[in-house]
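Note sheet for the following structure.
The values are calculated or read from the model by the stated rules, or taken from the named source; none is laboratory data. Note that the coordinates shown come from a computational prediction; the quantities given were computed from them, not determined experimentally. Only protein heavy atoms, including side chains, enter the accessible area calculation; ligands, DNA and RNA are left aside. Shrake-Rupley method; radii C 1.70, N 1.55, O 1.52, S 1.80 Å.
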Amino acid sequence: MTDRVSTDLPPALRRALDLLIDPPANPDVSKGYLDLLGDEGAAAPPKNTGAIQAVWASGVGSMLYDNAQAFARRVLSAWQLPIDWLNIPAGGVALDVGSGPGNVTASLGRAVGPDGLAIGVDISEPMLARAVKAAAGPNVGFLHADAQKLPLRDETADAAISVAVLQLIPQPEAALAEIARVLKPGGRVAIMVPTAGRIGEVFRWLPNGGARVFREDELGDIFEELGLAGVRSKTVGNFQWVRGKKP
Ligand SMILES: C[S@@+](CC[C@H](N)C(=O)[O-])C[C@H]1O[C@@H](n2cnc3c(N)ncnc32)[C@H](O)[C@@H]1O
């Protein structure tokens, strides 16, 4: 790492760089997050080209979502975060996959404390810009990266969370495999997705803006196939939480 890089980097991103599989020689942190999505060519994971992700990838859409989720977190129990269950050690590393406007990442930052590191990963630059403004700090940093190809080394995270994201990912099983890969043994993961309950089967066949509708046991089965233990699914209204631990 050059002197210029080490002095320009926000502290959280400097620490995040140490956890990367392939740290860039000249990290681009010009927008406040670490940009790791260059021209990946044929190696790039598939992209969601649906209407919903297009909204989250726009400036206006990210602003609207930011306000809507803040309201949902205040009034809907399904949006409350299982921070205690995640059992994040003080000084540990916690990962927020699809961090959006960054307030889940900020909660992880409070859980890890000043000596820990909370990392938010998102594919949308407008969302990342909002997250940096609202939540970046000495122990909270954001990465522009794809959940289907996390840039972190194996077994670097003590806990991971992903809230209302997997339904937008073309290969959710790849994203879950990546989360399982980067979790340390004993690390916990909690995922929340919207569901359509019993009428979900109908929605699977209707135009849905590129958002996938998961079957009741679909995510829990993937967790188990990935070797996660103690897998539990709970549906609250139109949202499902799935939790598991890496043995
Ligand atoms: C509905 S928002 C949820 C944001 C946040 N988790 C929250 O609870 O407020 C979905 C987020 O997932 C991000 N996303 C979608 N596909 C992604 C991918 N392949 N990799 C990383 N982030 C992705 C979107 O850009 C968006 O910020």
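What are the ³J(HN,Hα) values, in whole Hz, obtained from phi via the Karplus relation 6.51 cos²θ - 1.76 cosθ + 1.60 with θ = phi - 60°, for each residue of segment 76-91 in sequence order, with x given for Gly and Pro?
Running phi through 6.51 cos²θ - 1.76 cosθ + 1.60 with θ = phi - 60° gives 10, 5, 4, 8, 5, 8, x, 4, 4, 4, 5, 6, 6, x, 4, x Hz.
Looking only at the chain, where both bridge partners belong to it, what percent of the DSSP beta bridges are antiparallel (to the nearest 5)? Each step should come with its number before you reach the end.
Working: 15 of 36 bridges.
So the antiparallel bridges in the chain amount to around 40 percent.
What residue among E155, E173, E40 shows peak mean-square fluctuation when the chain is described by a Gaussian network model with Cα springs under 10 Å?
Maximum among the listed residues: E40.
Quick check on the chain: helices-only [θ] at 222 nm, where DSSP H runs of length 4 and up contribute -39,500 (n - 2.57) each and the sum goes over total residues. Nearest 500, please. Could the numbers behind the result be given before it?
On the way: 10 runs with 85 residues, N = 247.
Calculated mean residue ellipticity at 222 nm is -9500 deg cm²/dmol.
Round to a whole number: what % of the accessible area of segment 139-189 belongs to carbon and sulfur, probe 1.4 Å? Each step should come with its number before you reach the end.
Values: 610 of 1310 Å².
Within segment 139-189, the accessible surface is 46 percent carbon and sulfur.
Return a whole-number percent for the relative contact order of the chain, with Cα pairs under 8 Å and 6 or more residues apart as the contact set.
19 percent
Once you sort the root eigenvalues of the Cα gyration tensor of segment 51-201 as a ≥ b ≥ c, which label holds: rounded (a/c under 1.5), prolate (a/b larger than b/c) or oblate (the other case)?
It comes out rounded by the Cα gyration axes.
Using a 1.4 Å probe, what is the accessible area per residue for segment 16-62, in Å²?
On a per-residue basis, 55 Å².
Counting only heavy atoms of the protein chains, get the accessible area per residue of segment 116-236 (1.4 Å probe) and round it to a whole Å² value.
41 Å²
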